[in-house]
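The values are calculated or read from the model by the stated rules, or taken from the named source; none is laboratory data. Keep in mind it's a predicted model, so treat the numbers as computed, not measured. Reconstructed Cβ throughout: ideal geometry from the backbone, glycine too, with neighbour counts over all protein chains shown. Accessible surface is based on the protein model in full, side chains and every heavy atom, while ligands, DNA and RNA are left aside. Shrake-Rupley method; radii C 1.70, N 1.55, O 1.52, S 1.80 Å.
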Amino acid sequence: MANLAIANLSKRKTRTLVSILAIAIEITLILVLVGLTKGTLNDVASRIQNIGADIIFLPPGASSILSLNNYFMHINLKDSIITTEGVKAVSPVMTWMTNKLGGIGGNIIFGIDRKEFNNVGGNLELLSGKHLQGKYDMLVDRRLAAANNLSLNDQVEVLNHRFTIVGILKAGVGARIYIPLTTLQNALNEPNRVSLFFVKCQSPEQVGEVASRLEKSFPGYQTQLSETYAQDLTESARGINQFISAITIIAILVSFLVILLAMYTTIIERTREIGILKALGATKAYIVKTIVTEAIALSIIGILCGYLLSFAAQTWISNAYPLITIIITPFWIMLAGTLGLVSGFLGSLYPSYRAATLDPVEALNYE
Amino acid sequence: MNKILQTENLGKVYRVGKIDIHAVRGVNLNIEKGEFVSIVGPSGCGKSTLLHLMGGMAKPTTGRVFIEGINLAKINDSERAKIRREKIGFVFQRFNLFSALNSQQNLEIAMQIGCNGSVDHQRIKEIMRLVGLENKLYHKPLELSMGEQQRVAIARALINNPLLILADEPTGNLDSANSYKVLYLLKDLNRNLGQTIILITHNQEASKIADRKIEMKDGMIIFPS
Ligand SMILES: Nc1ncnc2c1ncn2[C@@H]1O[C@H](COP(=O)(O)OP(=O)(O)OP(=O)(O)O)[C@@H](O)[C@H]1O
Ligand SMILES: [Mg+2]
């Protein structure tokens, strides 16, 4: 079956390729950006949840995005927390961001007391080496070690000290870097302060009660339930979500304009062909359909190329930056594709309307 | 007598700036079924304008056009489009084939438009045989000679079995050998199939192929007076 729209795609190769590329980039932009955000949030959330504590106890003003915090509280609070009804164990943790060793914006370091961290559930599984013992011992997880080509007994300089990697951890629990609590406190000149307490309750049913008890006893301090951490993190990352929406809207707008321009120049160039269609007695609907079909075909090819490009980008990024996780979900694949199609359709409406309402004789005599 | 096209005091005025150009004035015509009529006249005398008016491509400023008794001025754009796809086959000086499509596909498009989307490849083959190009079905316009392109265009005009073929300078871009081929093809269509044809040309010689000759000048018919 002859199809003018499809035939014209291959006839006007440069325009077709440029339009397809623009749409593909738009799709890739959305998928990679969303995938990056989702991947990072997911990764952070699952690592915190995998620690196994029930509650994270935070100082006033702190954010549940732990890496953003610069708030400390006195370590003495531990004694009052542990005596709160329903609390089984407490582990004080000092957190610190280092911009070393890769990752988006750096890596978070946990300063922990190994025994106490273990008591709240923080089961650090060693793949090789041993646990923290000496002052300048350091544990890193397998992913960070792989990304930086680190192995046991290698030395890493952070916080103006030379640390020795004594153990490689299974990835996915808490931070990627662990050092002794006191070492981190001293390095930061805050020997009596900590960033947060992980709290383990005596039974899972009590978690809610314990949290409200803690909030009552320590006005202004915050409790974050481990169970809802992922959700709360996503919500507190509102700014990021708005940023994603803005980028998505811009991307959609760009592909709308690309199609609009591509189809508009196309109908100008093909004015005479439209005149011929009119002489043949084509209805307005037929002409609109021809133009819209061409735009939709362009969009579909662009979207499919965009999917390929996105997966290529995903593979490339996770090879080049092993600490970065990109999650491309079926939902976003569908959404990005649908938005691409809709913008392509809308972009072709005005040109197709213009084409359909051309004067037959003028169109036919167009040079 | 079987009148298929009539014009009554047909006129078309173009306004360019402050000047009115009377491209067609007071044309009264009667075309009967099976006629082969030529309209001849010098460049700029209004032949193409008249053809567009008769084919429902343009609206007259004055007067009326009837096709099988239907007043084209009384119907809307989409009804005029329907008249074009069902009753008229246009042939143009510049062939006006779709350059991205081969001969068969060019005819398919015309068939899609004229027959509510249905395409009959057998008929396409027959019509291509009729114009002597049954072996050029898969050639694109640029792979055909000019004369062949015009014969494909004639095939396209014929494909929906039109009441009337309106040909505007169909030999204007052709050398004399190809011109004769096209003119005799039209003649055959008229003779053998009874196809009604109006041929527009500025070439007196070419106009002789028709059975009836109408001469135009300055937008008016000067012969027969
Ligand atoms: N769209 C237009 N606007 C203004 N004037 C026009 C327009 N179309 C045609 N004319 C004028 O109308 C007159 C008749 O034009 P038309 O094209 O009908 O002549 P023609 O007999 O077909 O000439 P040719 O043999 O060169 O094709 C000419 O003077 C032309 O300049
Ligand atoms: Mg003309």
Practice prompt. Calculate the radius of gyration of the Cα atoms of the stretch B:50-151 to one decimal place, then report Dmax, the largest Cα-Cα distance, as a whole number, both in Å.
Written response: 15.7, 47
Worksheet item: If you look for lysine pairs in the stretch A:52-225 that are eight or more places apart or on different chains, how many of them have Cα atoms under 19 Å apart?
Response: 13
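Accessible area per residue of the stretch A:198-247 at 1.4 Å probe, in Å²?
Values: 2890 Å² over 50 residues.
Using a 1.4 Å probe on heavy atoms only, each residue of the stretch A:198-247 averages 58 Å².
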Worksheet item: For chain A, which span is the longest to avoid every loop-located (per DSSP) member of trypsin sites (Lys or Arg not before Pro) having at most 12 other Cβ atoms inside 10 Å?
Response: A:136-367
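Could you give the DSSP H helices of chain A that reach 20 angstrom or more along their long axis (alpha carbon positions) and whose average Kyte-Doolittle hydropathy is no lower than -0.5? Present the calculation step by step, with values, prior to reporting the outcome.
On the way: long enough: A:13-51 (55 Å, 1.03); A:238-269 (46 Å, 1.77); A:284-320 (52 Å, 1.19); A:330-356 (38 Å, 0.91).
Answer set is A:13-51, A:238-269, A:284-320, A:330-356.
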Worksheet item: Which value in Å does the Kirkwood hydrodynamic radius of the stretch A:52-225 take, with 1/r averaged over all unlike C-alpha pairs and then inverted?
Response: 16.4
Fill in: Extension reserve of the residue A:82-residue A:46 stretch, reckoned as 0.36 nm per residue once the Cα distance is removed
10.4 nm
Fill in: FRET E, pair residue A:350, residue A:142, Förster distance 60 Å, beta-carbon r, rounded to 0.05
0.65
Worksheet item: Where in chain B lies the longest segment free of trypsin sites (Lys or Arg not before Pro) that are both loop residues by DSSP (not H, G, I, E, B) and have at most 14 other Cβ atoms within 10 Å?
Response: B:19-207
Worksheet item: How many nm is it between the label spots at residue A:246 and residue A:11, if each spot is 7 Å from the Cα in line with the beta carbon?
Response: 4.4
Practice prompt. Take every Cα pair under 8 Å in the stretch B:1-51 that's 6+ residues apart, average their separations, divide by the length, and report that relative contact order as a whole percent.
Written response: 36
Fill in: Spin-label model distance (nm) - residue A:157 vs residue A:170, 7 Å beyond Cα toward Cβ
3.5
Worksheet, complete the sentence: The ³J(HN,Hα) series, computed from each phi in the stretch A:149-161 with the Karplus coefficients 6.51, -1.76 and 1.60 at θ = phi - 60°, rounded to the nearest Hz and given as x for glycine or proline, is 6, 9, 9, 3, 6, 5, 9, 10, 9, 9, 6, 6, 10
Worksheet, complete the sentence: Whole-percent carbon and sulfur contribution to the accessible surface of the stretch A:52-225 (1.4 Å, no ligands, DNA or RNA) stands at 45
Discussion item. Based on Cα coordinates alone, diagonalise the gyration tensor for the stretch B:73-225, multiply each eigenvalue by 5, take square roots, and list the semi-axes in whole Å, largest first.
Written reply: 25, 20, 14
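Test of understanding: given chain B, find the longest segment containing no GluC sites (Glu not before Pro) that are in a DSSP loop and have at most 16 other Cβ atoms within 10 Å. Numbers along the way, then the final one.
On the way: sites that count: B:68, B:134.
With GluC sites (Glu not before Pro) excluded where exposed in loops, chain B gives B:135-225 as its longest stretch.
Given contacts defined as C-alpha pairs under 8 Å and at least six residues apart, what's the relative contact order of chain B, whole-number percent? Let's see the in-between values first.
On the way: 437 pairs, mean separation 67.2, N = 225.
Over chain B, the number comes to 30 percent.
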Worksheet entry | Distance (nanometres) between label positions extended 7 Å along Cα→Cβ at residue B:212 and residue A:227 | 9.5
Item to complete: Mind checking the full-extension length gain between residue A:149 and residue A:189? Use 0.36 nm per residue of separation minus the Cα-Cα distance, one decimal, nm.
Response: 11.3 nm
Worksheet item: In straight Cα distance, which lysines are under 21 Å from residue B:181, not counting same-chain residues fewer than 8 positions off?
Response: B:125, B:136, B:140, B:208, B:213
Fill in: Volume per residue that the Cα convex hull of the protein assembly as shown spans, once the total is divided by residue count, Å³
229
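Report the FRET efficiency, 1/(1 + (r/R0)^6), for residue A:362 and residue B:205, where r is their Cβ-Cβ distance and R0 is 41 Å, rounded to 0.05.
Values: r = 31 Å, r/R0 = 0.76.
The value I calculate is 0.85.
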Fill in: Cα-based reach from residue B:74 at 20 Å (exclusive), listing lysines while leaving out same-chain residues under 8 positions away
A:278, A:284, B:3, B:12, B:59, B:82, B:87
Worksheet entry | Percentage relative contact order, chain A, counting C-alpha pairs under 8 Å, at least six apart | 29
